[in-house]
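The values are calculated or read from the model by the stated rules, or taken from the named source; none is laboratory data. Not measured: the values here are computed from a predicted model. Every residue, glycine as well, gets a Cβ built from its backbone with ideal geometry; the counts of neighbours run over all protein chains shown.
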Amino acid sequence: MFAKARAEKWLRYGSMLSTGFPQGVAVLMSKKSVFKNVALVGVGLIGGSIGLALQKRKLADVIVGIDPSEKNLDTALNRKAITQGTTDLRAGIQGACLAIISAPVQKIPFLISAVADASRGNCLITDTGSTKRGILARVNAETRFIGSHPMAGAAQHGPKTANADLFEDRAIILTPPTHAETADIRALEQFWTRLGAHTVEMSAVDHDRVVSSVSHLPHLAAVALAAATPPMNLPHVASGWLDTTRIAASGESLWVDILCDNRDHVLKSAERFGKVWTQLCGALERNDRTALRRVLREAKNRRDLADPAENERNL
């Protein structure tokens, strides 16, 4: 992906200046700054949003975007999501204290290895992938890596849709391997907290089980609803259909990898969904208003618990 050095691209997007900052050491530069030099490996929606959030909050002096797409780099530079950009991973990672990999889950283990090699272990590495078991299983035990999963996103992709407040009040799930240093975990917690998020720590196994029902199954359900809608009805869709199917507009390649990588947990979540669907359809077939009301009430209760602030606004 970033196989060969391309010095001319590096020169085009700006030269790396020495910061005098100890490589790979997570320190508190001030009350705000955790990492002075951050490398964003992938500057799409998530990577671009991280860059914009860092810039808005003045949390890093240097933000290097590393991406195979010159168009993405140009957009990220124009939007000031990054201070420098390159297509050359090895050049871009030099001097970085933190590298954040935002890429399809199948490519993340390779990129972790490439970053670790390029930084010679002097850089803390994290990712933003939606699954964790497969990634952690393929990461060398000596690699300075801690998994991150921002529970935030949008149907659109690319740096043009990046948002400085994407992580505000959102959860970030951290999945540190057993060998992770406590200081690195705490530094990463502070990093995400200062981007407006709150963090929770769990194992990779627990992560994949949890997100199967709160992220992966909703995508599957949105896809099914959109695909089941007759084309002749599409000119008449209402806001409910658009809200429910919004995430179905995401790129299919990205989601094929996610769903297949976590297929065991997704299938279990789909089985639970199927049982409730059967209850709803059975209640309709019997014209059983009591049973239908019971499921609707339970659904509302769980939705209200998940987003009490939204419930307050609707009262």
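Of the residues GLY121, GLY147, only one is touching a Leu at 6+ places or on another chain (Cβ under 8 Å) and either over 17 Å from ARG90 (Cα atoms) or surrounded by fewer than 17 Cβ atoms within 10 Å (Cβ to Cβ) (or both); which? Can you show your working first?
Values: GLY121 fails: touching a Leu at 6+ places or on another chain (Cβ under 8 Å).
It is GLY147.
Being under 18 Å from the mean Cα position of the chain (by Cα) and more than 28 Å from LYS80 (Cβ to Cβ) is the filter here; which residues of region 174-190 pass it?
Initial filter on region 174-190 (under 18 Å from the mean Cα position of the chain (by Cα)): 174-176, 185, 188-190.
Of everything in region 174-190, those that are under 18 Å from the mean Cα position of the chain (by Cα) and more than 28 Å from LYS80 (Cβ to Cβ) turn out to be THR175, PRO176, ILE185.
Please work out which residue is farthest from ILE46 (Cα to Cα), limiting yourself to region 238-250 and to residues that are surrounded by 13 or more Cβ atoms within 10 Å (Cβ to Cβ) and not polar (S, T, N, Q).
At the first step, the residues of region 238-250 found to be surrounded by 13 or more Cβ atoms within 10 Å (Cβ to Cβ) are 241, 244-250.
Still in the running and not polar (S, T, N, Q): 241, 246-249.
On the way: TRP241: 26, ARG246: 17, ILE247: 15, ALA248: 18, ALA249: 16 Å.
By that ranking, first place goes to TRP241.
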Out of ALA81, ALA76, report the one residue that is among the aliphatic types (A, V, I, L, M) and either outside any helix (DSSP H, G or I) or over 19 Å from the mean Cα position of the chain (by Cα) (or both). ALA81
Does region 262-271 contain at least one residue that is among the β-branched types (Val, Ile, Thr), within 17 Å of SER130 (Cβ to Cβ) and at pLDDT 95 or above? yes
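Tell me, please, whether a residue that is without any contact (Cβ under 8 Å) to a residue 60 or more places away in the chain, on the phi > 0 side of the Ramachandran plot and either touching a strand residue (DSSP E or B) at 6+ places or on another chain (Cβ under 8 Å) or surrounded by 18 or more Cβ atoms within 10 Å (Cβ to Cβ) (or both) can be found in region 87-97. Talk me through it step by step, then tell me what you get.
Start the filter on region 87-97 by keeping residues that are without any contact (Cβ under 8 Å) to a residue 60 or more places away in the chain, which leaves 93.
Okay, now just the ones that are also on the phi > 0 side of the Ramachandran plot, so none.
No; the residues of region 87-97 include none that is without any contact (Cβ under 8 Å) to a residue 60 or more places away in the chain, on the phi > 0 side of the Ramachandran plot and either touching a strand residue (DSSP E or B) at 6+ places or on another chain (Cβ under 8 Å) or surrounded by 18 or more Cβ atoms within 10 Å (Cβ to Cβ) (or both).
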Check ASN233, ASN287, ASN262 and return the single one that is touching a residue at least 12 places away in the same chain (Cβ under 8 Å) and polar (S, T, N, Q). ASN262
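Of these, LEU136, LEU166, which one is surrounded by 17 or more Cβ atoms within 10 Å (Cβ to Cβ), among the aliphatic types (A, V, I, L, M) and not in a loop (DSSP other than H, G, I, E, B)? Step through it out loud before you land on a result.
On the way: LEU166 fails: not in a loop (DSSP other than H, G, I, E, B).
The unique qualifying residue is LEU136.
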